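Visitor: Got a structure for you, questions after.
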Amino acid sequence: MQLLMPGRVEPILHVFLLKPSKYDDEGFVIRHWRGVVPSNTLACLLGLTEDLRRRKALGAVELRIRAVDESVSKIPIATIARAHRPPRERALACLVGVQSNQFSRAADVALALRARGVPVMMGGFHVSGMLAMFPEGSPEIRELAQAGVSVVAGEVEGRWEQLLRDAAADRLQPIYRFLEDPPDLSAAPLPEVDRRLLRKFVSAHYATMDCGRGCPFNCSFCTIIHVQGRKVRYRSPACVAETVRRRYREQGISVYFFTDDNFARNPAWEEIFDRLIALREREGIPLEFMMQVDAASHKIPRFLEKAVRAGCRTVFIGMESLNPRNLQDSGKTPNKVSEYGTLITAWRRAGVRTHVGYIIGFPEDTEESVREDVHRLIHEVQPDQASFFMMTPLPGSRDHRTLLQNGTALDPDYNNFDSCHACMPHPHMNAEAWKAAYEEAWRKFYSFENMKAILLRAPEGAYWDLFKNLFWYKNSFLNERAHPMLTGLFRLKDRTSRRACFPQEGRLAHLARRGREISAYLRDLVRLTLEMEELWLATRQHSETEKRVLEELARMRRELRRGLRLGELQAAYVRVKAQWPSIQVPSRLRLAWERMSLWQVSRGRQTRRDLLRFWIGLRWHVRRGRIAALLRVDQIAWNALREFRLATGFLIAMMTRAA
């Protein structure tokens, strides 16, 4: 059918790029008030579509584009349906980057849109992985195709124009297969940043970019090699640098997550780094980035040094296991357990934070071996952060195909394929024991003592970024009961979009549920904040001014053999200034405000435990009816003031990244 009608204005194709979320264990869509990591797949499709719009590649057809990330926004099903008014206006809903754990939610959205007559396409690792391993298609994919949903397997660079032409002409095919011929990325349009969408994330200066795709290794649990191939294809280094420059000048974006599965095996890594170094050192662009590398990356000549100069601040390393048999059986042969300590030390000495991925549930794992290996990870390997995953046979991996061919019973609900649930039987642990070992690993690694050790050995200048990440990760698994990559700031729950297999609650029942949940969340958040405040006190790095003043205070106290008065504190500043002219002497008001923290630090009280004991004791007396305890107004006021002073200093320090 032709869109262009005689005597009418040019036709319109509304392209809705939709990144679905997933359901939680109670059937509610996981969505947050603010997200943390934007979707790179969404950015890639936005870049491709904007490129077609700018070039008017569809001729008389006007492209109107809207990107929606369901992790921070509702998918506007009714709005999409209203935009579909053929023949002059058509809407196309594109469910992009659908992972296996998001497939159930994506399928529900797709079927809801098809019921309203809207054309729908779906792509991502689930569809691509399934069609890569099972060319005839799996039952859930055939069901979607029968409902009129077009499924797209593989990457769409170089094919996106034809797909949109098919949509505009109402001739979408049930299945598009692009797996056998991966596209050349060297001249492909770069991912675009949607400013409206970026406002829904924590940082307006943070974006993602894939500089290359594919991985040369052959891990049995990996889907990348079967969807994007084992030959690494890469974008033009000049285009990467120009995009970084343009985004910084136009939008102020200077922090990136390079999403390449293994940046160290990108053939153009050195030229990319050289161009990024030039941006930093010649043009003054304050670029910082995180990238994923393998366990042998530190041995590549010049790689580590140039990464640091280019702005690398964090590396994510797929360490996977400390059991050599697990690594051998899964094909992760490049990893050498004996070299893990050297790997972490090399990156730390270069001032780069290390974040390792660790899988629990390899066939050789037992409850006791996992416990021992996590202990070794904490005390011997000593990475700065760790993400734990339950072994999951992801569709598109050899593990998944082998298990199906062997007749192994897998979890039929793809919503659980999120690396946080047991989706297959384990030879040595039942589902409950496996889950318990997984949760214990999180608790042990993010215990107070290990976080303290991590911060005390943090690379220079990395303290606050690392502190905030530890805060986020512990809050995610402790308070939200979810992997940090699935969380954000303040969980939202939509009553009406609950999964169909769960009952839809009435307004009052849902309001009561949310009231209880928010109350519990805020209570736990306060407790965690106080724990992190204690961690800050135990690890904070004092400024040069504080160090000099504390030295002078200690000397004066030894001489006077009593507590110091406010005037004497001011005198200490004056004496220090005589030797260090750059130090400023605070006003008396500021001195009064600082006195509590300086007194506490100068006496070795880098803790709030005495405050905790006071409040616990006060509550104990009140609960037993000893109301007279409340009459100790002077003590209560003094400790409340100290509490307020500590909390204010802690929050200001976190927000300003003060040392």
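Visitor: For region 330-468, with every protein chain kept in place, what is the accessible area per residue (1.4 Å probe, Å²)? Show your work: numbers first, answer last.
Guide: Working: 5560 Å² over 139 residues.
Using a 1.4 Å probe on heavy atoms only, each residue of region 330-468 averages 40 Å².
Visitor: Ignoring ligands, DNA and RNA, what percent of the 1.4 Å accessible area of the chain is carbon and sulfur?
Guide: On the way: 16030 of 30030 Å².
The nonpolar share, carbon plus sulfur, comes to 53 percent.
Visitor: I've got another one for you. Per residue, how much space in cubic angstrom lies within the convex hull of the C-alpha atoms of the chain?
Guide: Taking the convex hull of the Cα positions in the chain, it is 204 Å³ per residue.
Visitor: Compute the Rg/Rh shape ratio of region 35-122: radius of gyration over Kirkwood radius, all on alpha-carbon atoms.
Guide: Over the Cα atoms of region 35-122, Rg/Rh equals 0.97.
Visitor: At a Cα cut-off below 24 Å, give the lysines reachable from Lys332, other chains included and same-chain residues fewer than 8 away excluded.
Guide: Within reach: Lys231, Lys299, Lys435.
Visitor: As a test of the formula, what do you get for the chain when each DSSP H run with n ≥ 4 contributes -39,500 (n - 2.57) and the sum is divided by the residue count, at 222 nm and rounded to the nearest 500 deg cm²/dmol?
Guide: -14500 deg cm²/dmol
Visitor: List the residue ranges in the chain for DSSP H helices whose C-alpha atoms run 20 angstrom or more along the long axis and whose Kyte-Doolittle average is -0.5 or above.
Guide: 40-55, 463-479, 507-539, 566-579, 609-623, 633-656
Visitor: With r as the distance between the Cβ atoms of Ala187 and Arg230 and R0 = 25 Å, compute the FRET efficiency 1/(1 + (r/R0)^6) and round to 0.05.
Guide: Values: r = 22 Å, r/R0 = 0.89.
That gives a FRET efficiency of 0.65.
Visitor: Excluding Cys94 itself, what net charge comes from residues whose Cβ is under 11 Å from its Cβ, given Lys and Arg +1 and Asp and Glu -1?
Guide: Here the charged neighbours net out to +2.
Visitor: Same structure again: List the lysines whose alpha-carbon lies under 17 Å from that of Lys22, not counting same-chain residues fewer than 8 positions away?
Guide: Lys74, Lys493
Visitor: Over region 15-80, with a single point scatterer placed on each C-alpha, what log10 of the ratio I(q)/I(0) does the Debye formula yield at q = 0.14 1/Å?
Guide: Per q value, in the given order, log10 I(q)/I(0) is -0.51.
Visitor: Sticking with this structure for a sec: Work out the FRET efficiency for Arg645 and Ala238 from their Cβ-Cβ distance, taking R0 = 51 Å, and round it to the nearest 0.05.
Guide: It comes out at approximately 0.45.
Visitor: Considering only DSSP states other than H, G, I, E and B, which trypsin sites (Lys or Arg not before Pro) in region 129-175 qualify as loop sites with at most 15 other Cβ atoms within 10 Å?
Guide: Counting only loop positions with at most 15 other Cβ atoms within 10 Å, the trypsin sites (Lys or Arg not before Pro) in region 129-175 are Arg171.
Visitor: Based on the Cβ-Cβ distance of Ile652 and Thr345, what FRET efficiency does E = 1/(1 + (r/R0)^6) give at R0 = 41 Å, to the nearest 0.05?
Guide: 0.75
Visitor: Also, quick follow-up: Around Pro216, what is the net charge, scoring Lys/Arg as +1 and Asp/Glu as -1 over all other residues with Cβ under 9 Å from its Cβ? If you can, show how the numbers build up before the last one.
Guide: On the way: positive: Arg230, Lys231, Arg265; negative: none.
Cβ neighbours under 9 Å give a net charge of +3.
Visitor: What Kirkwood radius, in Å to one decimal, follows from the Cα pairs of region 83-149?
Guide: 12.4
Visitor: Right, something else. Which values, in whole Å and largest first, are the semi-axes of the equivalent ellipsoid of region 96-210 obtained as the square root of 5 times each eigenvalue of the Cα gyration tensor?
Guide: Square roots of five times the eigenvalues give 25, 19, 16 Å.
Visitor: Please compute the Kirkwood hydrodynamic radius of region 227-306 from all pairs of different C-alpha atoms, in Å with one decimal.
Guide: Taking every pair of different Cα atoms in region 227-306, averaging 1/r and inverting gives 13.4 Å.
Visitor: On to the next question. If the chain between Asp524 and Arg457 were fully stretched, how many nm would it gain, using 0.36 nm times the residue separation less the Cα-Cα distance? Show your work: numbers first, answer last.
Guide: Values: separation 67, 0.36 × 67 = 24.12 nm, distance 2.78 nm.
Full extension of this stretch gives 21.3 nm more.
Visitor: Return one whole number: the accessible area per residue of region 28-145 in Å², for a 1.4 Å probe.
Guide: 35
Visitor: Which semi-axes, in whole Å and largest first, does the equivalent ellipsoid of region 197-341 have when worked out from the alpha carbon gyration tensor as the square roots of 5 times its eigenvalues? Let's see the in-between values first.
Guide: Details: eigenvalues 169, 53, 42 Å².
Equivalent-ellipsoid dimensions as semi-axes: 29, 16, 14 Å.
Visitor: If I histogram all Cα-Cα distances within region 283-438 using bins 10 Å wide from 0, what percent of pairs lands in each bin?
Guide: 10, 36, 30, 18, 6, 1
Visitor: In nm, to one decimal, how far is the Asp413 label point from the Ser138 one, both placed 7 Å along Cα→Cβ?
Guide: If labels sit at Asp413 and Ser138, their model points lie 1.6 nm apart.
Visitor: Still on this model: By how many nm would the segment from Arg619 to Arg246 grow when fully extended, if each residue of separation counts as 0.36 nm and the alpha-carbon distance is taken off?
Guide: Full extension from Arg619 to Arg246 adds 128.5 nm.
Visitor: Any chance you could run the full-extension gain for Arg85 through Gln173? It's 0.36 nm times the residue separation minus the Cα-Cα distance, nm to one decimal.
Guide: 29.6 nm
Visitor: Okay, moving on. At 1.567 mPa s and 4 °C, plugging the Kirkwood radius over alpha-carbon pairs of region 278-345 into Stokes-Einstein gives what diffusion coefficient in µm²/s?
Guide: Calculated translational D: 96 µm²/s.
Visitor: Using a 4.7 Å cut-off between beta carbons, which cysteines in the chain end up with no partner cysteine at all?
Guide: For the chain, the answer is Cys44, Cys94, Cys211, Cys215, Cys239, Cys312, Cys420, Cys423, Cys501, because their Cβ atoms have no other cysteine Cβ under 4.7 Å.
Visitor: Given a 1.4 angstrom probe, what's the average accessible area per residue across region 477-539, in square angstrom?
Guide: 55
Visitor: Here's something else I'd like to know. Compare Cys501, Cys222 by solvent-accessible area with a 1.4 Å probe and give them largest first, with all protein chains kept in place. Mind showing how you got there, number by number?
Guide: Working: Cys501 95, Cys222 20 Å².
From most exposed to least exposed: Cys501, Cys222.
The values are calculated or read from the model by the stated rules, or taken from the named source; none is laboratory data. From a predicted model like this one, the values you see are computed outputs, not experimental measurements. With ideal geometry, Cβ positions are generated from the backbone for all residues, glycine too; neighbour counts draw on all protein chains shown. Quick note on the areas: whole protein, heavy atoms, side chains included, nothing else; ligands and nucleic acids left out. Shrake-Rupley method; radii C 1.70, N 1.55, O 1.52, S 1.80 Å.
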